[in-house]
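In what follows, a structure is listed as structure tokens, so that the remarks can point back to it.
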């Protein structure tokens, strides 16, 4: 009977330990999601949608604003949610829970809020600049290789 009680107590302790780890992991995950909302990631993703739609509208001008709204909700938002889920383990691999809590605290300061507000704009402008730069660089690299006989 004593061995049976020991087994029950051991099983209970193990179960509670596992539950505690999952609860801590859930809090960490929730904080990563909160950090993504506060740091401008979500706003940047929304701005990316606007850029994509602007390009698609040139190709498909007959598509209504209502359809673009449906596309955002039923395709883009779903895909972004899946991407964000896949990003969580990567973020958790490189930052501790305490790191993420510190970032959340920063993004709640005036400087952090400004950074989060400006990040989507900087990202879009940087992407446009980088694309132009990369095309020029590729051309120069190809020219260099061609002039070297390759």
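What base-10 log of the normalised intensity I(q)/I(0) is obtained for the stretch 110-149 from the Debye formula, alpha carbons as equal point scatterers, at q = 0.28, 0.34 Å⁻¹?
Computed log10 I(q)/I(0) values: -0.84, -0.96.
Tell me, rounded to the nearest percent, the portion of alpha carbon pairs in the stretch 23-101 spaced more than 14 Å apart.
Above the 14 Å cut-off, the stretch 23-101 has 68 percent of its Cα pairs.
Across 10 Å bins from the origin, how do the percents of Cα pairs in the stretch 34-150 run, short distances first?
It works out to 11, 27, 30, 20, 10, 1, in whole percents.
Kindly put 33, 52 in sequence by how many other C-beta atoms sit within 10 Å of each C-beta, fewest to most.
52, 33
Stretch residue 130-residue 59 to full length: gain in nm at 0.36 nm per residue minus the Cα-Cα span?
Between residue 130 and residue 59, full extension yields an extra 23.2 nm.
State, to one decimal in nm, how far the label point of residue 46 lies from the label point of residue 30, with both points 7 Å from Cα in the Cβ direction.
2.3 nm
So if R0 is 25 Å, what FRET efficiency would residue 121 and residue 77 give, r being the distance between their Cβ atoms, rounded to the nearest 0.05?
Efficiency computed from Cβ-Cβ geometry: 0.75.
Under Stokes-Einstein, with the Kirkwood radius over Cα pairs standing in for Rh, what whole-number D in µm²/s applies to the stretch 61-108 at 4 °C and 1.567 mPa s?
For the chosen part, D equals 98 µm²/s.
Ranking request for peptides 136-148, 87-99: highest mean number of other beta-carbon atoms within 10 Å first, then the rest in descending order.
Most protected by this proxy first, the peptides run 87-99, 136-148.
All of the numbers you see were taken from the coordinates with simple rules; none came from a lab. Since the model is a prediction, treat every value here as computed from it, not as a measurement. All Cβ positions, glycine included, derive from the backbone under ideal geometry; neighbour counts span all protein chains shown.
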